[in-house]
Amino acid sequence: MRAAVIAYTVNGAILAEKLRHLSDDETDIYVSAKSAKYIDAENIITFKSTPALIIFIGAAAIAVRSIAPYITSKFKDPAVLVMDDHAIHVISLLSGHVGGGNEWCVKVAGMFGSDAVITTATDVNNAFAVDVFAVKNHLKMINPYMIRDISTRIVNGEQLGIYMQAEEYEKVIQNECKKYSKNIKITDYENADIVILKNKSEIKDMQSKIILIPRNIVVGVGCRRGTEYLKIKSSVMTILEKAGVSAENVNCVASINKKADEKGIIELAEELQADFITYTADELMEVEGEFEPSMTVYNHVGADNVCGRSACRASCNGECLVPKTVENGVTVSVYRYMV
(Lines give C-alpha, C1' and ligand atoms only; values in the text may rest on other atoms or scores of the structure.)
Protein backbone atom coordinates (compact mmCIF):
# COMPACT_ATOMS: atom_id res chain seq x y z
CA MET A 1 0.00 0.00 0.00
CA ARG A 2 1.41 3.38 -1.00
CA ALA A 3 1.26 6.18 1.57
CA ALA A 4 1.98 9.91 1.44
CA VAL A 5 2.85 12.33 4.25
CA ILE A 6 2.38 16.08 3.73
CA ALA A 7 4.00 18.47 6.21
CA TYR A 8 4.19 22.25 6.45
CA THR A 9 6.31 23.04 9.52
CA VAL A 10 9.72 22.04 10.87
CA ASN A 11 8.16 19.78 13.51
CA GLY A 12 5.92 18.36 10.83
CA ALA A 13 8.93 17.55 8.65
CA ILE A 14 10.55 15.70 11.54
CA LEU A 15 7.37 13.72 12.19
CA ALA A 16 7.10 12.97 8.49
CA GLU A 17 10.54 11.37 8.49
CA LYS A 18 9.52 9.19 11.46
CA LEU A 19 6.48 8.06 9.48
CA ARG A 20 8.55 7.08 6.45
CA HIS A 21 8.32 3.37 7.18
CA LEU A 22 4.62 3.42 8.05
CA SER A 23 3.67 1.57 4.87
CA ASP A 24 4.97 -1.79 3.66
CA ASP A 25 5.45 -0.13 0.28
CA GLU A 26 7.11 3.21 -0.42
CA THR A 27 5.99 6.25 1.56
CA ASP A 28 6.18 9.57 -0.30
CA ILE A 29 7.01 12.66 1.74
CA TYR A 30 6.01 16.15 0.60
CA VAL A 31 7.35 19.01 2.70
CA SER A 32 7.03 22.79 2.28
CA ALA A 33 10.15 24.44 0.88
CA LYS A 34 10.91 26.31 4.11
CA SER A 35 10.90 23.11 6.14
CA ALA A 36 12.50 20.81 3.57
CA LYS A 37 16.03 21.52 4.77
CA TYR A 38 15.25 19.74 8.04
CA ILE A 39 14.77 16.45 6.28
CA ASP A 40 17.07 14.60 3.87
CA ALA A 41 16.33 16.33 0.55
CA GLU A 42 16.99 13.14 -1.39
CA ASN A 43 14.18 11.43 0.50
CA ILE A 44 11.53 14.01 -0.41
CA ILE A 45 9.37 12.70 -3.21
CA THR A 46 6.45 14.33 -4.96
CA PHE A 47 3.46 12.11 -5.73
CA LYS A 48 4.09 9.50 -8.42
CA SER A 49 0.63 7.98 -8.17
CA THR A 50 -2.49 8.27 -6.05
CA PRO A 51 -1.64 6.94 -2.58
CA ALA A 52 -3.97 4.76 -0.53
CA LEU A 53 -3.18 6.73 2.63
CA ILE A 54 -2.50 10.45 2.97
CA ILE A 55 -1.39 12.06 6.23
CA PHE A 56 -1.47 15.83 6.60
CA ILE A 57 0.69 17.23 9.39
CA GLY A 58 -0.87 20.62 10.03
CA ALA A 59 -4.24 22.28 10.44
CA ALA A 60 -7.34 20.26 9.58
CA ALA A 61 -8.74 23.22 7.61
CA ILE A 62 -5.74 23.13 5.25
CA ALA A 63 -6.27 19.43 4.69
CA VAL A 64 -9.99 19.87 3.99
CA ARG A 65 -9.40 22.66 1.47
CA SER A 66 -6.60 20.69 -0.20
CA ILE A 67 -8.59 17.52 -0.78
CA ALA A 68 -12.04 19.06 -1.42
CA PRO A 69 -11.69 19.32 -5.24
CA TYR A 70 -10.60 15.68 -5.52
CA ILE A 71 -13.11 13.87 -3.30
CA THR A 72 -15.24 11.48 -5.36
CA SER A 73 -16.70 8.62 -3.32
CA LYS A 74 -16.26 6.90 0.03
CA PHE A 75 -15.58 3.75 -1.98
CA LYS A 76 -12.77 5.28 -4.06
CA ASP A 77 -11.19 8.01 -1.93
CA PRO A 78 -7.92 7.26 -0.11
CA ALA A 79 -7.79 7.27 3.67
CA VAL A 80 -6.88 10.76 4.92
CA LEU A 81 -5.50 11.52 8.38
CA VAL A 82 -4.62 14.86 9.95
CA MET A 83 -2.22 15.30 12.85
CA ASP A 84 -0.81 18.41 14.49
CA ASP A 85 2.94 18.97 14.33
CA HIS A 86 3.37 18.03 18.00
CA ALA A 87 1.52 14.73 17.50
CA ILE A 88 -1.04 15.47 20.21
CA HIS A 89 -4.02 14.49 18.07
CA VAL A 90 -4.47 12.23 15.03
CA ILE A 91 -7.80 12.69 13.21
CA SER A 92 -9.42 10.22 10.84
CA LEU A 93 -10.76 12.68 8.27
CA LEU A 94 -11.78 10.69 5.19
CA SER A 95 -12.55 7.09 4.21
CA GLY A 96 -12.49 5.82 7.77
CA HIS A 97 -14.08 2.48 6.93
CA VAL A 98 -13.56 1.38 3.32
CA GLY A 99 -10.17 3.10 3.05
CA GLY A 100 -9.09 1.94 6.49
CA GLY A 101 -8.66 5.48 7.83
CA ASN A 102 -9.90 4.66 11.33
CA GLU A 103 -7.58 1.69 11.65
CA TRP A 104 -4.63 3.75 10.41
CA CYS A 105 -5.59 6.54 12.79
CA VAL A 106 -5.27 4.20 15.77
CA LYS A 107 -1.97 2.82 14.44
CA VAL A 108 -0.38 6.22 13.90
CA ALA A 109 -1.65 7.52 17.24
CA GLY A 110 -0.10 4.49 18.90
CA MET A 111 3.28 5.29 17.35
CA PHE A 112 3.40 8.71 19.00
CA GLY A 113 1.18 8.23 22.05
CA SER A 114 -1.35 10.58 20.45
CA ASP A 115 -5.09 10.93 20.94
CA ALA A 116 -6.88 9.09 18.10
CA VAL A 117 -9.90 11.16 17.03
CA ILE A 118 -12.55 8.98 15.37
CA THR A 119 -16.09 10.23 14.91
CA THR A 120 -17.75 7.44 12.91
CA ALA A 121 -21.00 6.46 14.66
CA THR A 122 -20.53 2.69 14.41
CA ASP A 123 -17.02 2.96 15.87
CA VAL A 124 -17.87 5.20 18.81
CA ASN A 125 -20.89 2.99 19.58
CA ASN A 126 -18.84 -0.19 19.15
CA ALA A 127 -21.43 -1.37 16.63
CA PHE A 128 -21.20 -3.70 13.64
CA ALA A 129 -20.07 -1.84 10.49
CA VAL A 130 -20.93 -3.69 7.30
CA ASP A 131 -18.46 -1.75 5.13
CA VAL A 132 -15.56 -2.54 7.49
CA PHE A 133 -16.67 -6.18 7.57
CA ALA A 134 -16.75 -6.27 3.76
CA VAL A 135 -13.29 -4.79 3.30
CA LYS A 136 -11.63 -7.05 5.87
CA ASN A 137 -13.20 -10.17 4.41
CA HIS A 138 -12.68 -9.40 0.71
CA LEU A 139 -16.36 -8.86 -0.03
CA LYS A 140 -17.69 -6.53 -2.71
CA MET A 141 -20.78 -4.42 -1.96
CA ILE A 142 -23.10 -4.55 -4.97
CA ASN A 143 -25.44 -1.82 -3.68
CA PRO A 144 -23.40 0.31 -1.26
CA TYR A 145 -26.07 3.02 -1.18
CA MET A 146 -27.81 0.88 1.45
CA ILE A 147 -24.95 1.25 3.95
CA ARG A 148 -26.26 4.46 5.50
CA ASP A 149 -29.69 2.95 6.16
CA ILE A 150 -28.29 -0.26 7.62
CA SER A 151 -25.71 1.56 9.77
CA THR A 152 -28.30 3.97 11.14
CA ARG A 153 -30.57 1.12 12.13
CA ILE A 154 -27.82 -0.84 13.85
CA VAL A 155 -26.52 2.24 15.73
CA ASN A 156 -30.11 2.80 16.93
CA GLY A 157 -30.11 -0.69 18.40
CA GLU A 158 -32.20 -2.50 15.81
CA GLN A 159 -31.48 -6.14 15.10
CA LEU A 160 -30.23 -7.09 11.64
CA GLY A 161 -30.28 -10.44 9.89
CA ILE A 162 -27.50 -11.97 7.78
CA TYR A 163 -28.06 -14.65 5.15
CA MET A 164 -25.05 -16.56 3.88
CA GLN A 165 -24.83 -18.58 0.70
CA ALA A 166 -21.02 -18.58 0.44
CA GLU A 167 -20.09 -21.45 2.74
CA GLU A 168 -16.51 -20.33 3.35
CA TYR A 169 -17.88 -17.39 5.37
CA GLU A 170 -19.86 -19.52 7.81
CA LYS A 171 -17.28 -19.29 10.62
CA VAL A 172 -16.73 -15.57 10.05
CA ILE A 173 -20.46 -14.83 10.28
CA GLN A 174 -20.88 -16.94 13.40
CA ASN A 175 -18.04 -15.00 15.05
CA GLU A 176 -19.67 -11.70 14.08
CA CYS A 177 -22.98 -12.87 15.51
CA LYS A 178 -21.31 -13.72 18.80
CA LYS A 179 -19.43 -10.41 18.90
CA TYR A 180 -22.53 -8.34 18.19
CA SER A 181 -25.13 -10.70 19.65
CA LYS A 182 -27.57 -7.88 20.40
CA ASN A 183 -27.62 -6.70 16.81
CA ILE A 184 -26.76 -9.58 14.47
CA LYS A 185 -28.56 -12.84 13.77
CA ILE A 186 -28.39 -15.51 11.08
CA THR A 187 -31.63 -15.83 9.15
CA ASP A 188 -33.09 -16.84 5.79
CA TYR A 189 -32.87 -14.79 2.59
CA GLU A 190 -36.28 -13.12 2.83
CA ASN A 191 -35.71 -11.81 6.37
CA ALA A 192 -32.07 -10.82 5.84
CA ASP A 193 -30.75 -7.26 5.74
CA ILE A 194 -27.25 -8.34 4.69
CA VAL A 195 -26.83 -11.11 2.13
CA ILE A 196 -23.59 -12.87 1.15
CA LEU A 197 -24.00 -14.63 -2.21
CA LYS A 198 -21.58 -16.62 -4.36
CA ASN A 199 -21.97 -14.26 -7.32
CA LYS A 200 -24.30 -11.72 -8.93
CA SER A 201 -26.36 -14.34 -10.74
CA GLU A 202 -27.83 -15.42 -7.40
CA ILE A 203 -29.29 -11.98 -6.56
CA LYS A 204 -33.04 -11.99 -6.06
CA ASP A 205 -33.76 -8.62 -4.44
CA MET A 206 -31.70 -5.48 -3.88
CA GLN A 207 -34.42 -3.17 -2.61
CA SER A 208 -33.89 -3.48 1.11
CA LYS A 209 -30.73 -5.54 1.51
CA ILE A 210 -26.99 -5.02 1.26
CA ILE A 211 -25.71 -7.58 -1.23
CA LEU A 212 -22.14 -8.82 -0.78
CA ILE A 213 -20.21 -11.19 -3.03
CA PRO A 214 -16.77 -12.65 -2.30
CA ARG A 215 -13.81 -11.02 -3.98
CA ASN A 216 -11.41 -13.51 -2.45
CA ILE A 217 -9.78 -15.12 -5.48
CA VAL A 218 -6.21 -14.55 -6.63
CA VAL A 219 -5.08 -15.61 -10.10
CA GLY A 220 -1.36 -16.16 -10.70
CA VAL A 221 -0.28 -15.81 -14.33
CA GLY A 222 2.89 -16.62 -16.23
CA CYS A 223 3.39 -16.22 -19.97
CA ARG A 224 5.88 -15.55 -22.72
CA ARG A 225 6.73 -11.93 -23.38
CA GLY A 226 4.19 -10.35 -25.72
CA THR A 227 1.46 -12.97 -25.31
CA GLU A 228 -1.72 -11.38 -26.60
CA TYR A 229 -4.45 -10.37 -24.20
CA LEU A 230 -7.19 -12.57 -25.67
CA LYS A 231 -5.00 -15.66 -25.30
CA ILE A 232 -4.28 -14.87 -21.64
CA LYS A 233 -7.93 -14.09 -20.96
CA SER A 234 -9.15 -17.29 -22.61
CA SER A 235 -6.68 -19.37 -20.59
CA VAL A 236 -7.59 -17.74 -17.28
CA MET A 237 -11.34 -17.96 -17.88
CA THR A 238 -11.07 -21.63 -18.80
CA ILE A 239 -9.19 -22.40 -15.57
CA LEU A 240 -11.63 -20.38 -13.46
CA GLU A 241 -14.58 -22.23 -14.97
CA LYS A 242 -12.96 -25.59 -14.24
CA ALA A 243 -12.39 -24.44 -10.65
CA GLY A 244 -16.04 -23.45 -10.32
CA VAL A 245 -15.12 -19.83 -9.67
CA SER A 246 -16.73 -16.76 -11.22
CA ALA A 247 -14.56 -14.06 -12.80
CA GLU A 248 -16.31 -11.46 -10.62
CA ASN A 249 -14.84 -13.17 -7.54
CA VAL A 250 -11.27 -12.32 -8.64
CA ASN A 251 -9.68 -9.74 -6.36
CA CYS A 252 -6.13 -9.81 -7.63
CA VAL A 253 -3.94 -10.93 -10.54
CA ALA A 254 -0.35 -11.73 -9.59
CA SER A 255 2.92 -12.41 -11.40
CA ILE A 256 6.66 -11.73 -11.30
CA ASN A 257 7.93 -8.14 -11.54
CA LYS A 258 9.45 -8.86 -14.94
CA LYS A 259 5.82 -8.97 -16.12
CA ALA A 260 4.84 -5.66 -14.51
CA ASP A 261 4.56 -4.09 -17.97
CA GLU A 262 3.06 -7.13 -19.71
CA LYS A 263 0.21 -5.56 -21.65
CA GLY A 264 -1.94 -8.69 -21.87
CA ILE A 265 -1.90 -9.28 -18.10
CA ILE A 266 -2.51 -5.60 -17.36
CA GLU A 267 -5.55 -5.60 -19.66
CA LEU A 268 -6.87 -8.76 -17.99
CA ALA A 269 -6.61 -7.19 -14.52
CA GLU A 270 -8.36 -4.06 -15.77
CA GLU A 271 -11.24 -6.06 -17.26
CA LEU A 272 -11.63 -8.04 -14.04
CA GLN A 273 -11.42 -4.77 -12.04
CA ALA A 274 -8.73 -6.50 -10.02
CA ASP A 275 -5.41 -5.33 -8.62
CA PHE A 276 -2.27 -6.38 -10.49
CA ILE A 277 0.53 -7.24 -8.07
CA THR A 278 4.03 -8.36 -8.97
CA TYR A 279 6.93 -9.72 -6.91
CA THR A 280 10.66 -10.04 -7.40
CA ALA A 281 12.14 -13.46 -8.07
CA ASP A 282 13.64 -13.49 -4.56
CA GLU A 283 10.25 -12.69 -3.00
CA LEU A 284 8.64 -15.54 -4.93
CA MET A 285 11.35 -18.03 -3.94
CA GLU A 286 10.77 -17.13 -0.28
CA VAL A 287 7.19 -18.47 -0.47
CA GLU A 288 6.88 -21.74 1.43
CA GLY A 289 4.97 -24.67 0.00
CA GLU A 290 5.09 -27.26 -2.74
CA PHE A 291 5.20 -25.82 -6.25
CA GLU A 292 5.83 -27.64 -9.51
CA PRO A 293 9.28 -26.33 -10.50
CA SER A 294 10.63 -25.51 -13.94
CA MET A 295 14.38 -25.06 -14.34
CA THR A 296 13.77 -23.42 -17.71
CA VAL A 297 11.65 -20.75 -16.07
CA TYR A 298 14.14 -20.45 -13.20
CA ASN A 299 17.06 -19.89 -15.56
CA HIS A 300 15.04 -17.28 -17.43
CA VAL A 301 13.48 -15.22 -14.60
CA GLY A 302 15.08 -16.45 -11.37
CA ALA A 303 11.97 -18.17 -9.95
CA ASP A 304 11.05 -21.82 -10.60
CA ASN A 305 7.28 -21.25 -10.56
CA VAL A 306 5.76 -17.85 -11.28
CA CYS A 307 1.99 -18.40 -11.31
CA GLY A 308 1.76 -20.62 -8.23
CA ARG A 309 4.20 -18.75 -6.03
CA SER A 310 2.79 -15.32 -6.93
CA ALA A 311 -0.82 -16.43 -6.32
CA CYS A 312 0.13 -18.01 -3.01
CA ARG A 313 1.95 -14.90 -1.82
CA ALA A 314 -0.76 -12.49 -2.98
CA SER A 315 -3.41 -14.55 -1.17
CA CYS A 316 -1.37 -14.51 2.06
CA ASN A 317 -0.73 -18.25 1.80
CA GLY A 318 -4.38 -18.96 1.13
CA GLU A 319 -6.12 -22.08 -0.12
CA CYS A 320 -4.86 -23.50 -3.41
CA LEU A 321 -7.82 -24.21 -5.70
CA VAL A 322 -5.80 -24.83 -8.86
CA PRO A 323 -2.04 -25.50 -8.82
CA LYS A 324 0.15 -24.54 -11.76
CA THR A 325 -1.78 -25.44 -14.91
CA VAL A 326 -0.73 -24.85 -18.51
CA GLU A 327 -3.57 -23.70 -20.75
CA ASN A 328 -2.83 -22.70 -24.33
CA GLY A 329 0.77 -21.82 -23.46
CA VAL A 330 -0.18 -19.69 -20.44
CA THR A 331 0.48 -20.91 -16.89
CA VAL A 332 -2.29 -20.21 -14.40
CA SER A 333 -2.79 -20.91 -10.69
CA VAL A 334 -5.80 -20.01 -8.55
CA TYR A 335 -5.77 -19.36 -4.79
CA ARG A 336 -8.41 -18.18 -2.34
CA TYR A 337 -7.88 -15.91 0.64
CA MET A 338 -8.56 -17.74 3.88
CA VAL A 339 -11.36 -16.04 5.84
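Here are some notes:
- Max mean-square fluctuation residue, GNM over the chain, Cα-Cα springs under 10 Å, options Asp123, Asp261, Asp304: Asp261
- Among the protein heavy atoms of the chain, carbon and sulfur supply 49% of the accessible surface, probe 1.4 Å, non-protein parts ignored.
- Separation in nanometres of the label points that stand 7 Å from Cα toward Cβ, at Ala243 and Ala60: 4.4
- When only the Cβ of Lys, Arg, Asp and Glu is charged (+1, +1, -1, -1), the dipole of the chain relative to its Cα centre reaches about 440 debye.
- Calculated FRET efficiency for the pair Asn299/Ser208, C-beta based, R₀ 51 Å, to 0.05: 0.30
- Using a Gaussian network model of the chain in which every pair of alpha carbons under 10 angstrom is joined by a spring, one finds that among Met146, Met295, Met237 the greatest mean-square fluctuation is at Met295.
- Beta-bridge orientation, the stretch 131-283: approximately 15 percent antiparallel, per DSSP, counting only bridges with both partners inside.
- Calculated FRET efficiency for the pair Asn156/Glu283, C-beta based, R₀ 56 Å, to 0.05: 0.75
- Pair Ile266, His86: separation of 7 Å Cα→Cβ label points (nm): 4.8
- Dividing the helix sum by the residues of the chain, where each DSSP H run of 4 or more adds -39500 (n - 2.57), gives a mean residue ellipticity at 222 nm of -9000 deg cm²/dmol.
- Gyration tensor over alpha-carbon atoms, the stretch 209-278, equivalent ellipsoid semi-axes in Å: 22, 13, 10
- Using 0.36 nm per residue and subtracting the Cα-Cα separation, the extra length available between Ala121 and Ile67 on full extension is 17.2 nm.
- Note on the chain: with a GNM built from Cα contacts shorter than 10 Å, the maximum mean-square fluctuation among Asn249, Asn143, Asn216 falls on Asn143.
- Accessible surface, per residue, of the chain when the full set of protein chains is kept, probe 1.4 Å, Å²: 51
- Taking the square roots of 5 times each eigenvalue of the Cα gyration tensor of the stretch 43-163, largest first, gives ellipsoid semi-axes of 27, 17, 13 Å.
- Arg225 paired with Ile186, simple spin-label distance in nm, labels 7 Å along Cα-to-beta-carbon: 5.3
- At R0 = 30 Å, FRET efficiency that the Cβ-Cβ distance of Met1 and Ser32 yields, to 0.05: 0.75
The values are calculated or read from the model by the stated rules, or taken from the named source; none is laboratory data. Note that the structure is predicted; figures quoted are calculated from it, not measured. Virtual Cβ from ideal backbone geometry, glycine too; neighbours counted across all protein chains shown. The accessibility values were calculated without ligands, DNA or RNA, using every heavy atom of the protein model including side chains. Shrake-Rupley method; radii C 1.70, N 1.55, O 1.52, S 1.80 Å.
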